[in-house]
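Heads up, the thing below is written out as structure tokens.
What follows draws every value from the coordinates through simple rules; no lab data is involved. Note that the structure is predicted; figures quoted are calculated from it, not measured. Cβ atoms come from the backbone with ideal geometry, glycine included; neighbour counts cover every protein chain shown.
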Amino acid sequence: MAEPDHLLGMLRRHAPSFVSGEDVRRELDVSRQAVWKQVQHLRRLGYGVEGRPHQGYRLLSVPDRLLPAEIHYGLGTVTFGQRIVYLERTPSTSDTARDLARQGAPEGTLVVAEEQTAGRGRRGRSWHCPFGRGLLFSLILRPAVRPSRAPQVTMVAAVALALAIEKVTGLAPGIKWPNDLLLEGKKVCGILTELDAEPESVSQVVIGVGVNVNIAAEDLDPHRATSLQVQAGQAMGRLRLLQEALRQMEEWYGVWQTGGFSVIRTEWQRRALIVDRLVRVRLGDTVLAGRAAGVDEEGALLLDLPDGTRRRLLAGEVTFEESYGRAGHQPGGWAEEEWECRQG
Ligand code: BTN
């Protein structure tokens, strides 16, 4: 344990009481001067640490930052988030995670940032989030599957993240194929999956996750994006949500690795917004319209076309008509062709 983390652990154990400087000095086996330096370090990170002559130090507050020591505290996972790279600002957590993975970083390594300067979404789009207002993280995975099964991991993440959001906020997002989480028809979370693969095996997968947590309504595209704060009417704890996301992702990833895709598929379909709906799927320059019948055992979207044929789609951009889109109704007009992940 790094020394400031050790000091933090001591302060936590004693909070709200003081711990004497001498006790800290003895347990950390450092000089009084070194203890003082560590207290200063915690204060620079944003911790409220009170120091009183003859009483010692006590913890008054923790910063609203996704600091590794805070993420580790009470996390309870085996691998996910056990190694953390924390960056206040970075171009993209997924770029950092990809580079680390190529250098051999182990499965479960987490890269987390308060802000991205070149955040990436799917299909070459950008992903914006104001400093400290969302969850922006990427996780390195090394699944023992053939490359054709790797896209399923996106659905594993979508199920896990929907559950994490529900558990922490009480809001139940729906999933839009393959990997957007929506609340009241607007995007609250996006997932970007990128992999390095050999013909027969996957060497690394980086799952990049962006969740709009405490973003104000005026900083969001009112037609396409929302935040947990907007939906719940109050600010939400980013740290708790990140910890729950890591726990759920580890659990569902384990289910997928040991038990295959069928349980994930059931959970995914339970939350799917498009099953049994009239949808449009854009594939490059082509747009197919039909009824979404669900996903198959490999995670491909099954689309029933008006001519009675069924198409199996592995990629594409889905739009569905919000209020009249149920099969059997005449569509009254389609939602935006393209779903944007950017806000503001
Ligand atoms: C999408 O819906 O288009 C996917 C958005 C993914 C955004 C996240 S934020 C953390 C990670 N780093 C990135 O640059 N992108 C992903």
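A compact table of results
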read-out	value
Chain lengthening between Ala216 and Asp196 when straightened (0.36 nm per residue, less Cα-Cα)	3.6 nm
Contour minus Cα-Cα distance for Ser20 and Arg146 (0.36 nm per residue)	39.7 nm
Under 17 Å from Lys167, Cα to Cα: aspartates and glutamates that are on another chain or at least 8 residues apart	Glu244, Glu250, Glu251, Glu267
Positive-end extreme of charge dipole, the chain - chosen from Pro306, Trp256, Val287 (charges on Cβ)	Trp256
Neighbour net charge for Arg271 - beta-carbon separation under 14 angstrom, K R +1, D E -1	+1
Förster radius 25 Å - calculated FRET efficiency between Leu283 and Glu184 (Cβ-Cβ, nearest 0.05)	0.35
GluC sites (Glu not before Pro) restricted to DSSP loop in region 132-241 with at most 10 other C-beta within 10 Å	Glu200
Fraction of beta bridges assigned by DSSP in region 64-190 that are antiparallel (%, nearest 5)	65
Peptides 240-246, 283-289 ordered by average Cβ neighbours within 10 Å, highest first	240-246, 283-289
Separation of the Leu87 and Glu27 label points, Cα + 7 Å toward Cβ, nm	3.4
Förster radius 41 Å - calculated FRET efficiency between Thr117 and Arg270 (Cβ-Cβ, nearest 0.05)	0.65
For the chain, alpha-carbon Rg over 2.2 N^0.38 Å	1.12
Ratio of Rg to Rh over region 4-61 (Cα coordinates, Kirkwood Rh, two decimals)	0.90
Segment Ser203-Asp307, length gained on full extension (0.36 nm per residue, minus Cα span)	33.3 nm
